[in-house]
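Each reported figure results from applying straightforward, stated rules to the coordinates on display, with no laboratory input. In this text the structure is predicted, and so the values were computed from the model without any measurement. Cβ coordinates were reconstructed from backbone atoms using ideal geometry, including for glycine residues, and neighbour counts include every protein chain displayed.
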Amino acid sequence: MPHITIEYSANVAEHHDIDALVETVHTAALSHGLPPVDALRTRAAVRVHYLIADGSEPETFAFIAIAVRIGPGRDATSKSTFIETVLDAAEAFIGGVCCPLSIAWSIELNEIDPEFRINRNYVRRHLNSLKEET
């Protein structure tokens, strides 16, 4: 854990490389140290149908909303610095206040209830077997 989902309005992709944004966010998350490498998953989801503000400038207004889901047990400071690190990296990549888009940014962190979660992580097993081979 964590799982990071970058949800964005379709017009963002007209001006920015979404694959590079995913990589930037993933790298920032790993650099923070909160997630183990074998547990981090980062993905992006485009939203084609959206309205922002009064809907009058669909070519200008955009959004990027980052959702972070983690397992329980981290302290408040770790969680706060994690989402700040991730958001700062994403915003720096896109350019913060940029033209031609006026972007509404958000990030939210939620803890997953372990009682109602099943996790079968075969990535961990694969990474461990690679370590054993060397």
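Sorted by packing (mean other beta-carbon atoms within 10 Å per residue), highest first, where do 12-18, 71-77 land?
Numbers: 12-18: 15.0, 71-77: 10.4.
Going by the mean number of other Cβ atoms within 10 Å, highest first, we get 12-18, 71-77.
Going by C-beta contacts inside 10 Å, put Lys79, Lys131 in order with the fewest on the left. Kindly include the intermediate steps, with their values, before the conclusion.
Details: Lys79 16, Lys131 8.
So the residues, fewest neighbours to most, are Lys131, Lys79.
Rounded to the nearest whole Å³, what is the per residue volume of the convex hull around the Cα atoms of the stretch 3-133?
Working: hull volume 18.0 nm³, N = 131.
Per-residue hull volume (Cα only) is 138 Å³.
Considering only DSSP beta bridges with both partners in the chain, what is the antiparallel share in %, to the nearest 5? Spell out each step's value before the answer.
On the way: 6 of 23 bridges.
Among the beta bridges of the chain, antiparallel pairing accounts for roughly 25 percent.
How do Ser78, Ser129 rank when sorted from fewest to most other Cβ atoms within 10 Å of their own Cβ? Could the numbers behind the result be given before it?
On the way: Ser78 13, Ser129 9.
Arranged by neighbour count, lowest to highest, Ser78, Ser129 become Ser129, Ser78.
Can you give me the relative contact order of the stretch 24-114 as a percent, contacts being Cα pairs under 8 Å and 6 or more apart? Please list the in-between numbers first.
Numbers: 89 pairs, mean separation 37.4, N = 91.
It rounds to 41 percent for the stretch 24-114.
Where the centre of each part is set by its Cα atoms, how far does the stretch 1-49 sit from the stretch 78-134, in angstrom?
7
For Arg69 paired with His126, estimate the spin-label separation in nm (one decimal), with each label point 7 Å from Cα along the Cα-to-Cβ line.
It works out to 2.0 nm between the two label points.
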